[in-house]
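Chemist: My structure is below; once you've seen it, I'll send some questions.
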Amino acid sequence: NVLRINVLGGLFVTGEGRPLSGAAAQPRRLALLALLAVAGDRGATRDALIAYLWPDADEERGRRALTQALYALRRDLGSDEALLGLKDLRLNPDQVTSDYAEFHDTLAAGDLERAAECYRGPFLDGFHLPEADPFERWAEEQRSGLAHEWSDLLEQLAVRCSERGDHRGAVGWLRK
């Protein structure tokens, strides 16, 4: 049962191809999953997650809020093993995938066409977390960086087409 966190072109979680509801659809918990998806294998510290998601909470309240969010996510994701770690938290790659990781993995492997398929739109498009300015700033930085990567990818695909004499294909990539 693989879960997928989608951060490109919106923010939602799917399980068995269907959007999940409950805790996995609650905005702050979705934001927590987005932070972990971007953190990848290195994970994120509890303190960093609290600073992004509960910036105005005192230490105890922030820790309690994070613990409650993790409990609810594990319950609604249907697995105690979906989220790993005690001090540093990360997604279990055997149970949770993301379009962010797939985009970067296919880019790194040089599979540019597949990377282009993974990019369905701007990072967290249309998603906002009121009263969490640090998260909003982080999301904007991610959105900007990914937009540059997307632009570079399209340019590389257009150049490849031009080098093959496929000018129509090149124009198609440049129009995107």
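Chemist: Looking at (1) within 30 Å of residue 147 (Cβ to Cβ); (2) over 11 Å from the mean Cα position of the chain (by Cα); (3) at pLDDT 90 or above, which is the one condition that is false for residue 77?
Modeler: Single failed check for residue 77: (3).
Chemist: If you don't mind, another one. Taking the options 142, 156, name whichever one is touching a residue at least 40 places away in the same chain (Cβ under 8 Å) and over 23 Å from residue 44 (Cβ atoms).
Modeler: When all the criteria are applied, what remains is 156.
Chemist: Given the conditions (1) of a type in the set (Ser, Thr, Tyr); (2) loosely packed, with under 13 Cβ neighbours inside 10 Å; (3) closer than 19 Å to residue 33 by Cβ, and given that residue 144 satisfies all but one, which numbered condition is not satisfied?
Modeler: That leaves (3) as the condition not met.
Chemist: Still on this structure, please answer the following. Taking the range 157-176 only, how many residues are in a helix (DSSP H, G or I) and surrounded by fewer than 15 Cβ atoms within 10 Å (Cβ to Cβ)?
Modeler: Of the residues in the range 157-176, 8 are in a helix (DSSP H, G or I) and surrounded by fewer than 15 Cβ atoms within 10 Å (Cβ to Cβ).
Chemist: Would a scan of the range 7-29 turn up a residue that is under 10 Å from the mean Cα position of the chain (by Cα), part of a helix (DSSP H, G or I) and either within 21 Å of residue 143 (Cα to Cα) or hydrophobic (A, V, I, L, M, F, W, C) (or both)?
Modeler: No, the conditions are met nowhere in the range 7-29.
Chemist: If I ask for residues that are under 16 Å from residue 71 (Cβ atoms) and of a type outside the set (Lys, Arg), which ones from the range 31-60 would you list?
Modeler: 32, 33, 36, 49, 50, 53, 54
Chemist: Oh, and also: In this structure, is residue 104 over 18 Å from residue 31 (Cβ atoms) and surrounded by 15 or more Cβ atoms within 10 Å (Cβ to Cβ)?
Modeler: Yes, satisfied.
Chemist: Does residue 86 satisfy the condition of being of a type outside the set (Asp, Glu) and either on the phi > 0 side of the Ramachandran plot or in contact (Cβ under 8 Å) with a residue 12 or more places away in the chain (or both)?
Modeler: no
Chemist: If you don't mind, another one. Could you check, for the range 13-22, whether at least one of its residues is among the β-branched types (Val, Ile, Thr), over 21 Å from residue 131 (Cα atoms), surrounded by 15 or more Cβ atoms within 10 Å (Cβ to Cβ) and touching a helix residue (DSSP H, G or I) at 6+ places or on another chain (Cβ under 9 Å)?
Modeler: Yes: one or more hits.
Chemist: Separate question: Give all pairs with beta carbons closer than 6 Å in which a residue from the range 108-132 that is of a type outside the set (Phe, Trp, Tyr) meets a residue that is open to solvent by 70 Å² or more (accessible area, probe 1.4 Å) and modelled with pLDDT of 95 or more; count only pairs at least 6 apart in sequence or on separate chains.
Modeler: Listed pairs, sorted by first residue: none to list.
The values are calculated or read from the model by the stated rules, or taken from the named source; none is laboratory data. These figures come from a predicted structure and were not determined experimentally. Virtual Cβ from ideal backbone geometry, glycine too; neighbours counted across all protein chains shown. Quick note on the areas: whole protein, heavy atoms, side chains included, nothing else; ligands and nucleic acids left out. Shrake-Rupley method; radii C 1.70, N 1.55, O 1.52, S 1.80 Å.
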